[in-house]
Every structure is written in C-alpha cells, then in structure tokens.
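**Student:** Just passing along the structure, written as structure tokens.
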Amino acid sequence: MPGRRRTSSLPNTIDHSHCTEICIMPNSKDSPVVERALAAVRGAAAAKQISPGAVANINRWLTEAGYAAYLSRVLALVEAGRWEELDALFWEVIPFGTGGRRGLMAELGSATINERTIAESANGLAVYLRQVRGTAGGKAVIACDTRHRSAEFARLTATTLAAHGLRVFLFASHRSTPELSFAVRHLGCDVGVMISASHNPPGDNGVKAYWSNGAQVLPPHDKGIIDCVYQSNEIPVLDYETGLADGQIELIGEAVDAAYIAAVTALSLSPERELPGLYTPLHGVGETSVYRALQAAGFRGVQIFAGQRQPDGGFPNVPRHLPNPELPAVFEPPIAEARATGAELILASDPDADRLGAVVRDSAGNFVHLTGNRIAALLTDYVLGKRQAQGTLSPQHYIVETLVTTPLVAAIGRAHGVRVIDDLLVGFKYIAQTIDAQGPELFVFGAEESLGYLAGVHARDKDAAVAALYLAECAAELRRSGKTLLDRLDELYSMHGYFLESQKSESCPGPRGRSQIERLMEAFTRTPPAALGGVELARVRDYCTHEIRRLPENRQAASLPAPQGDMLIFESAPSDCEVVLAVRPSGTEPKIKFYFFARSRGGQNLDEIKARTAAKLQAFQESLSAWMKPFIT
C-alpha cells in the first residue's frame, strides 16, 4: 500500500539554523514591545487562532533585520489581535510553483505578493546566479504585464538585480511573457524575470524566473533559487535613477519588439489572409504581441475589440473581472460586436499574452467556444499538414504535449509519422526542456490543454502570437473551402475517433485548504474509487510513487518511469468509450485539479456519438463529486 503523499516539496516555514547569512536584529527579542508581541502570538497559537506556519513566519518578521521596515505594521496587527488577518498574511512562505510565485497582493506578509516577497525573489535569483557563475555580474532582462503594481515590481526587481552587479535590461512598458522569453535569448542574458499572475483575478500578482535558454527555471536551478530566496534577509537595492544614469539599468523596447515580431511572422505557413475576425487582449499586453503580429502578417480583416483594448489591471470590461480565455464568459462582450460586424473568429489572449483562446461562428450563426484541447488538435493538424505538404517533415521530427492534454494531439502526430512525446508533467517549462533535450531543429509543435502553444525556436515558453497566427491561417484556408474550424474538428473525429475533455477545480484556500488537498490526495492514493458513473476503473498511474496499480485491488502491477510529480491518472477498462481521469494539486493556486478524457470509437452518426460520450462523461463527473464530498466538507 502506498504511503502518505506529499502535495508540495515546499514547507510552510524554513529552518534557517544552517544559514550563515541570517542576521537577527540587535536586541530585538529583548525589546519589551516585541517580547509582548511574541507572547501574544504564542497565546493566539495556543488558542488555535493562528496556524503553526503563521507563528514561525510572524516571529521571523518581528525579529530579523531584513524585515525592520515592516516591524511597526506587524506589531500593530498583533497588538490589535487581528489574528484572522495575520494568519492569511503569514500562514505560509509563498512558494515557487508551476508558474513561479503567484498570489494575492498585500502590503506585507510571507504568504502574499508584496515589495518584500518580490525583492527576495530577485535577491535569491541574483545570489544563486553568482553561485553558478562563481563571480558577480551577468545580464538580466525584465518585463511586466498590465496588472496593478506590475511596473512597480518590475522596477524593484531591476534595482535589486543591479545592486548585485548584473547589467539589467528593463522593458520601458508592459510586454508579453513570450517576448520576455525571446529577449533572454536575443540579448544573451543569464536570467530573465516576468512580473505577472497570468489569468488570475485582479488582486493577484506574481513573478516568474527564466534561465539563459529562455525557459522557466527547472532542476537543479529551481531548487537552488528557492533556497537562496528563502535565505534572504537584508536585501541590497540600487537607486533606480542612479542605475539608469550609470548604464547598469537600460530601458529597452522597439528594437527587441521588431526582432520578436519578425521571428513570429517568419513562422507563417500559408499566404491566406482573408478572414473577418476580432481580437481582444482582455486589457492585457496582447496588443504589443498578438495583434501586432497579426497585422504584420497581413490579417487586415482582424480588428481589435475596443471594449477590452485599454491596458488595465482591473480588467473592468471582462465579466467578473476574470481575464481567463478558458472561460466562455470572457467572450460575451466581443461576441456582441462580432454579431454586428460579421466576424467569424474571435481570438483572446490572457493578460501576459502567452495563452490564446477562441470562439468560432458556426453555420447557424452561433458562437462556439473552443477548449484548449480542441485548439491544440486543430493547430497540430494544421502545422503537420502544412509541413508535410511542404516536404519538411521526417520521422525524426517531433511534437510535444503534457500528460493532461488531449490524446487527439498524439493520434494526429502518429498519423503524420512524426515522433510524439506525450509523457510530460504539467507546465510549459517541461515542453521547453524537451525541445532543448531532443533538439530544437527537429521540434515542430508543442501544446498544453490550458491554451499554451509554441512553434519555432525563437522562445521557450508558450506564445499566443504564434498560436493566433496559425489559427487565423487555418481558419482562412478553411473559409476559402466553405468550411470552419468546427468542420475540421469533425473531420478529425471521423479519422481518429471522438475525443471529449473537460476540467474541474476544487478551490481549497488557506491552511485548512492545504489539509483538505492532502487528505483528498491521500484518499485517491490509498482508497481510490473502483467505479464512477458506471465506469469501472482498471488501473492507476501514480507519478509520485512511480507505480502502475491494478484496480480495484490497488496493488502494484508494474513500475512507472519518470517523470516525478504529484499526479494520479486513472484509466477505465477497454471499451468502445474509454474514460481517463487525471488528478493533481495545482502548482500555482490553492486548488486540486481534475482532468477528464473520453474517447469513443465506432458508430456512423457523429452527433449520436457526441451525445452518448457527453452523457457518459457527465455521469462520471457527477459520481466523482459525490465520492469526494466527505473529504472537502
């Protein structure tokens, strides 16, 4: 029987007893005010008003020199007995997850994004780089999105890195994440930093770290940086104006922009440009990358949606202020305009323009939202088809997808005779790692279900501009033949079988939420369901214990090779409609995520197959929700 799982490799607090750089404020614990505060914190912990993690982190902020600027504010909260607020601010040290450090913004607190957690992130990156190089110096490039305080945090990152002796290139205004990845490579930088919280709510922000290849950091660099971040105490900062004057900080913009756009448009695979469409940046950075690339490529019929054009971290004209193109609701405002203008395709990028979503007008005039999996299948089919027609594909070429992306991508790849690499953990950084390991010259296309896509060798992170170029070209070619993207999907289903996917997330915030996630993951590991919605589960792949186990006995049947990660994938017994369930804790948000896959074979009527498969998957999901209920209430 497998043992207890770990949902994170990062602790709530850090043991600093081994750290020689940690310095305690002189006589701080002897201060009567601080001593009273420490006693009050101990009392609150005894009364279970705050979590053990919060106790340790508050103590550190009360006693260590690096937190002196926050001492009076922490003392005020303690003296006022605002324990619920203190617990929310300090219950953990905000971790590095799948997409870097990301969370709610606040003025202080180890569990939030604030000046201190941004500065210590930059400090840790600089200290680790110096360890790797064996000397000070190096080059860094920094960009930010349009979120509240993003420009402030980008400047703080620049001054912190410059204080460590790095030459810093700072984009003068907001830019996309893929352009930051491109700039790391283009400028020959050692590291890069992107200030963004991707598609999170307006109150969030975050920081992503990139290595010299333009990809988000991976082992061993990620752990090395994390260790240095958590050991940060007193952090050096260079005056911003001084840094600009002496050339240690250099503002960049148009020259890098032009090179990036040229690299994207050079990937074009078709001259077709006749397409009435609409693009929305959802108040983010996408006009600088996605829309500029579409215009440079010649898509004059694709207009930008004015209602969501203005860069604004509050995302005022996005429904519920949630700028996530995975949500059909974000398309409601541009759909109203598309009905009036005759646009047939609407594209949307998230605030940092690395993800691309879409809706398509069908033959009845209705707009249909495309999931990330369906866009992935369409783009894979388009790129491979065009490359094959051009004679630029060989059996050595390869496509890449993650474990939670639709198997239809792999089916399309195998039908085109290319290598398929589809055993990657969640996170585009693993696709980037595969590109470098397998050889960028043979890389054709990479995809993940959360609207992330890449082709070309210009960057090592997902790129909404590349995806928009290819999806627009594909739609324009189909339009010339009197078809839509939806028609092409049906053709793919006729060739490969019908594939249906869906997702569900269970939010579990705060320290109680972490316990819920751990309890639920342990239940899935030790006492998993034998059947859900009438679907018998035959085996489970456990990427934490590296086992394949038979169900319902839950006994090991075989070993499972790499990758290593906290994810379980349940598979049904072979049938004409097979179901797969993937379960994992989120790496960036307090959630546990569920990915559902169904594949139906046989039958002549596609509409009937679609309805039957959807009903089966819906029953499966409802049964799962009922099974989980005791663990999350």
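The values are calculated or read from the model by the stated rules, or taken from the named source; none is laboratory data. The model shown is predicted, which means the values in this text are computed figures rather than measured ones. When we count neighbours, we look across all protein chains shown, and the Cβ atoms used for this are built from the backbone with ideal geometry, even at glycine. The accessibility values were calculated without ligands, DNA or RNA, using every heavy atom of the protein model including side chains. Shrake-Rupley method; radii C 1.70, N 1.55, O 1.52, S 1.80 Å.
**Student:** Which of the residues belonging to region 98-142 are open to solvent by 20 Å² or more (accessible area, probe 1.4 Å) and touching a residue at least 40 places away in the same chain (Cβ under 8 Å)?
**Tutor:** T98, R102, L104, M105, E115, Y128, Q131, V132, R133, K139
**Student:** Next question. Does Q564 satisfy the condition of being out of contact with any strand residue (DSSP E or B) (no Cβ under 8 Å at 6 or more places or on another chain), surrounded by fewer than 19 Cβ atoms within 10 Å (Cβ to Cβ), touching a residue at least 12 places away in the same chain (Cβ under 8 Å) and not acidic (D, E)?
**Tutor:** Answer is yes for this residue.
**Student:** Turning to a different aspect of this structure: Where residues in region 190-205 are in contact with a helix residue (DSSP H, G or I) (Cβ under 7 Å, 6 or more places away or on another chain) and not polar (S, T, N, Q), which of them is farthest from H321 (Cα to Cα)? Break it down into steps so the answer makes sense when it comes.
**Tutor:** So in region 190-205, the residues in contact with a helix residue (DSSP H, G or I) (Cβ under 7 Å, 6 or more places away or on another chain) come out as 190-196, 201-202, 205.
When the remaining residues are screened for being not polar (S, T, N, Q), the result is 190-195, 201-202.
Numbers: D190: 36, V191: 32, G192: 28, V193: 25, M194: 22, I195: 19, P201: 7, P202: 7 Å.
Step by step, filter region 190-205, then rank; the result is D190.
**Student:** While we're looking at this one, here's another question. Could you identify the single residue in L108, L166, L180, L104 that is within 21 Å of D246 (Cβ to Cβ) and aliphatic (A, V, I, L, M)?
**Tutor:** Residue meeting the stated conditions: L166.
**Student:** For region 280-287, does any single residue satisfy the condition of being closer than 21 Å to T146 by Cα and open to solvent by 50 Å² or more (accessible area, probe 1.4 Å)?
**Tutor:** yes
**Student:** Hey, among the residues in region 502-546 that are part of a helix (DSSP H, G or I) and among the charged types (D, E, K, R), which one's modelled with the lowest pLDDT?
**Tutor:** Filtering region 502-546 down to residues part of a helix (DSSP H, G or I) leaves 510-526.
From what is left, the residues that are among the charged types (D, E, K, R) are 512, 514, 518-519, 522, 526.
On the way: R512: 74, R514: 77, E518: 89, R519: 89, E522: 94, R526: 95.
Checked region 502-546; the qualifying residue modelled with the lowest pLDDT is R512.
**Student:** Might you let me know whether region 240-249 holds any residue that is open to solvent by 20 Å² or more (accessible area, probe 1.4 Å), in contact (Cβ under 8 Å) with a residue 12 or more places away in the chain, more than 20 Å from R167 (Cα to Cα) and not basic (K, R)?
**Tutor:** For region 240-249, residues open to solvent by 20 Å² or more (accessible area, probe 1.4 Å), in contact (Cβ under 8 Å) with a residue 12 or more places away in the chain, more than 20 Å from R167 (Cα to Cα) and not basic (K, R): absent.
**Student:** Name the pairs: first residue in region 145-161 and touching a residue at least 12 places away in the same chain (Cβ under 8 Å) and crowded, with 24+ Cβ neighbours inside 10 Å, second residue among the charged types (D, E, K, R) and not in a helix (DSSP H, G or I), Cβ to Cβ under 6 Å, at least 6 apart or on different chains?
**Tutor:** What qualifies is D145/D352.
Quick grid of which residues meet (1) over 25 Å from S494 (Cβ atoms); (2) open to solvent by 60 Å² or more (accessible area, probe 1.4 Å); (3) in contact (Cβ under 8 Å) with a residue 40 or more places away in the chain; (4) out of contact with any helix residue (DSSP H, G or I) (no Cβ under 6 Å at 6 or more places or on another chain):
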site	(1), (2), (3), (4)
T402	yes, no, yes, yes
V409	no, no, no, no
H416	no, no, no, no
L424	yes, no, yes, no
F428	yes, no, yes, yes
Q433	yes, yes, yes, yes
Q438	yes, yes, yes, yes
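**Student:** Between S363, S394, S450, which is of a type in the set (G, A, S), more than 17 Å from V264 (Cβ to Cβ) and at pLDDT below 95?
**Tutor:** S363
**Student:** Would you confirm whether any residue within region 547-558 is assigned to a loop (DSSP other than H, G, I, E, B), open to solvent by less than 60 Å² (accessible area, probe 1.4 Å) and not small (G, A, S)?
**Tutor:** Yes.
**Student:** In the list I195, I226, which residue meets the criterion of being at pLDDT below 95 and within 27 Å of L89 (Cα to Cα)?
**Tutor:** That would be I226, the only listed residue that is at pLDDT below 95 and within 27 Å of L89 (Cα to Cα).
**Student:** Checking R273 against (1) open to solvent by 10 Å² or more (accessible area, probe 1.4 Å); (2) closer than 12 Å to D350 by Cα; (3) in contact (Cβ under 8 Å) with a residue 40 or more places away in the chain, only one condition comes out false. Which one?
**Tutor:** (2)
**Student:** While we're on this one: With respect to A364, is the statement that it is open to solvent by 20 Å² or more (accessible area, probe 1.4 Å) and either without any contact (Cβ under 8 Å) to a residue 60 or more places away in the chain or assigned to a loop (DSSP other than H, G, I, E, B) (or both) true?
**Tutor:** Yes: the conditions hold for A364.
**Student:** How many residues, within region 582-606, are open to solvent by 50 Å² or more (accessible area, probe 1.4 Å) and at pLDDT 95 or above?
**Tutor:** 1
**Student:** Kindly provide the set of residues from region 440-460 that are touching a Pro at 6+ places or on another chain (Cβ under 7 Å) and either touching a residue at least 60 places away in the same chain (Cβ under 8 Å) or hydroxyl-bearing (S, T, Y) (or both), ordered by number.
**Tutor:** Answer for region 440-460, where residues must be touching a Pro at 6+ places or on another chain (Cβ under 7 Å) and either touching a residue at least 60 places away in the same chain (Cβ under 8 Å) or hydroxyl-bearing (S, T, Y) (or both): L451, A459.
**Student:** Within region 340-355, can you find the residues that are open to solvent by 20 Å² or more (accessible area, probe 1.4 Å) and assigned to a strand (DSSP E or B)?
**Tutor:** If the condition is that a residue be open to solvent by 20 Å² or more (accessible area, probe 1.4 Å) and assigned to a strand (DSSP E or B), then R355 is the only one that fits.
**Student:** How many of the residues making up region 165-186 are assigned to a loop (DSSP other than H, G, I, E, B) and either in contact with a Lys or Arg (Cβ under 7 Å, 6 or more places away or on another chain) or open to solvent by less than 10 Å² (accessible area, probe 1.4 Å) (or both)? I'd like the intermediate steps shown before the answer.
**Tutor:** We begin by selecting, within region 165-186, every residue assigned to a loop (DSSP other than H, G, I, E, B); these are 165-166, 172-176.
Still in the running and either in contact with a Lys or Arg (Cβ under 7 Å, 6 or more places away or on another chain) or open to solvent by less than 10 Å² (accessible area, probe 1.4 Å) (or both): 166, 176.
Of the residues in that region, 2 qualify.
**Student:** When you look at S559, is it without any contact (Cβ under 8 Å) to a residue 40 or more places away in the chain and either of a type in the set (D, E) or touching a Leu at 6+ places or on another chain (Cβ under 7 Å) (or both), yes or no?
**Tutor:** no
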